[in-house]
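See structure below.
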Amino acid sequence: MGSQQFACKACDGTGLLMDDNQWQYTCSICHGDGYIARMETVEKLEVDETNRVIE
């Protein structure tokens, strides 16, 4: 399973985010990797229904 258990919550592990106009761009949370390092999982990210990070 490895890195799959650390899939990025913001992009659901795809490495891409999509805006309201259907444009896709690199996820700013995982930097396009689709997963985050074990040390980064301590920080809990809150995302809305469209996977945008809530600050």
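Return the sequence-ordered ³J(HN,Hα) values of the range 23-35 in whole Hz as given by the Karplus equation 6.51 cos²θ - 1.76 cosθ + 1.60 applied to θ = phi - 60°, using x for Gly and Pro.
Values, residue by residue: 7, 9, 8, 4, 5, 7, 7, 9, 6, x, 6, x, 9 Hz.
In nm, to one decimal, how far is the R52 label point from the T14 one, both placed 7 Å along Cα→Cβ?
1.6 nm
For Y35, enumerate residues with amide H under 5 Å from its amide H, sequence gap 5+ or separate chain, H modeled in the peptide plane.
Here the answer is C8, since their amide H atoms fall under 5 Å of that of Y35.
Rule-based calculations on the coordinates, nothing more; no lab input. Just so you know, these numbers come straight off a predicted model, no measurement behind them. Counting neighbours? That spans all protein chains shown, and the Cβs are built from the backbone with ideal geometry, glycine included.
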